[in-house]
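Note sheet for the following structure.
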Amino acid sequence: MQLATLSGRTGGLPLTWAPPLLKPPTGKLPPSPLTASGYAAPSFVSLRKAQPCRAQQLSAGRATATPPEAEAEAAGTTVEALFPFGSPPGLSATSTADPRSEGALEEAKTVIEKEMWRLYAEQQQLPQQQQKRLSKEQVEQLVGFSKDYCNSAKVSGKVTATQCVAKLTSILQQCMRCSSHVFTAFSAAQHEPLDFARWALGIWEPLIDVKRSKLPVHETTLAALSAHLKAGGNAVLLSNHQTEPDPLLARFIFQKKGFKDLYDALTAVAGYRVRSDLLSVPFSMSCNMICVHSKKHLSSGAESLGQQRRENVLAMQALQQLLQAGGALIWVAPSGGRDRANEKGVYVQPDLFDSKTVQSFALLARKAKEATGVETLFLPMAVYTAPICPPPKAVAKELGEVRTCNFSPIGLAIGEPLPADLAPPGLTAAAQEQTNALYASIASFP
């Protein structure tokens, strides 16, 4: 993520913000979005120790769960929290009896589309001041994504038609409900009223062909990384970037390899689009995030250029706090955005890293070491994730984009720590070279 700050300074301004957390629900949630008044603001330290959500258990006397109950249990929450605007509709008896059939998945597309437009109409009845409303275009985009998702289920066999209805309906309901969520310079992953990471992984994991994926993330590397963090050190993953859930997919790999501590520790450096596009907001709530404005998108939003730069100063201060506290695992894309395919639709290699971004992180790491003695490692990382949710062909200034999805293998690799004595220009070059080499080992081309 290419950073643009005020004259490059990272200190001097007090941290006056406190990242918001959702209050635990008391009783049944009303069918309305959560506004800023619906959040509590704990101390910065408490955010680093957020407790996981209490998973709701099915009643002992019930033999099987309904699809909404099963989806809610998987997300560690209640049906009312996951579907605040009402449980999703069911399918016909024929489709329910054979939910993996092509006919059932075709029916699911129709049911999902009708339900999304019902929810859109219900949203229009809510008082405008209570929420940011999803536009008609955004609902159309999600309907299109839902059709792709059901088509992917036909290929993968990993989810049923009833699960597709529950998962995709939950996306729109959470987008509506979380539309007024406020992101700050540092925003902690949200665990109440549902575990947003568990919920988001439940959406994305069925699109991953794990058996055919190339995931040369060695356990010895992760074990050394885990030990370094537990000893109070930091690590920065310098990665290319291809699809919106890349940080979440990295956490998925950590969890799959048995490193829950790395899963919990990861903080992503993210741009304003993933916290301003209402279709991205609930997914962005699944990760710890440092929120910045990249140079590619400066002044392309509603804020003034000056305000964006002030927010970047706060982001740099938040990063400095994390690094000085120790035990931080930071994911950043120094290219400033997602890789783009060439004219043949092939993602040949990662976009170029921005040397000033790498230099900023090297400076923050040096300051942290001078202040507290904390050592920060820099590791190259490569992802090949575009096939499951390709980015737009070109960088757009406006919010909102058409999202498609496919069932596909992915690639993810993490290299060894880069030499600690490299000057920033050398660090950028070494990170780019090793990321490119890792990428070549995991990318599959048509």
In debye to the nearest 20, the charge dipole size for region 343-443, taken about the Cα centre with +1 at each Lys and Arg Cβ and -1 at each Asp and Glu Cβ, equals 220 debye
Which number do you get for Rg(Cα) / (2.2 N^0.38 Å) in region 187-442? 0.95
So how do Glu343, Glu311 line up by other beta-carbon neighbours within 10 Å, fewest first? Glu343, Glu311
Just tell me which aspartates and glutamates come within less than 17 Å, Cα to Cα, of Lys109; anything on the same chain fewer than 8 places away is out. Asp98, Glu140, Asp148
A correct fewest-to-most ranking of Thr160, Thr66 by other Cβ atoms within 10 Å would be Thr66, Thr160
With the radius of gyration and the Kirkwood radius both derived from the Cα set of region 191-253, what is their ratio Rg to Rh? 1.01
Would you mind estimating how fast region 59-180 diffuses translationally, via Stokes-Einstein at 4 °C and 1.567 mPa s with the Kirkwood radius over Cα pairs, in µm²/s? 87 µm²/s
For Lys211, which aspartates and glutamates qualify as cross-link partners when the Cα separation must be under 20 Å and same-chain residues fewer than eight apart are set aside? Glu219, Asp246
Would you work out the charge dipole size for region 187-442 about its Cα centre, treating the Cβ of every Lys and Arg as +1 and the Cβ of every Asp and Glu as -1, and quote it to the nearest 20 debye? 200 debye
Sort Arg251, Arg273, Arg118 so that the residue with the fewest other Cβ atoms within 10 Å of its own Cβ comes first and the one with the most comes last. Arg118, Arg273, Arg251
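For region 187-442, give me the percentage of DSSP beta bridges that are antiparallel, rounded to the nearest 5 percent.
Given both bridge residues lie in region 187-442, the antiparallel proportion sits at roughly 20 percent.
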Sequence-separation-based contact order of region 187-442, relative, with Cα cut under 8 Å and 6+ spacing, percent: 29 percent
Over region 59-180, what is the mean sequence separation of C-alpha contacts under 8 Å (at least six apart), divided by residue count, expressed as relative contact order in percent? 37 percent
Signed unit charges on C-beta, dipole axis of region 59-180, positive-most listed residue Leu134, Asn151, Phe85: Leu134
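Values in this text are rule-based calculations from the coordinates and carry no lab data. Keep in mind it's a predicted model, so treat the numbers as computed, not measured. Cβ: placed from backbone, ideal geometry, glycine included. Neighbour counts: every protein chain shown.
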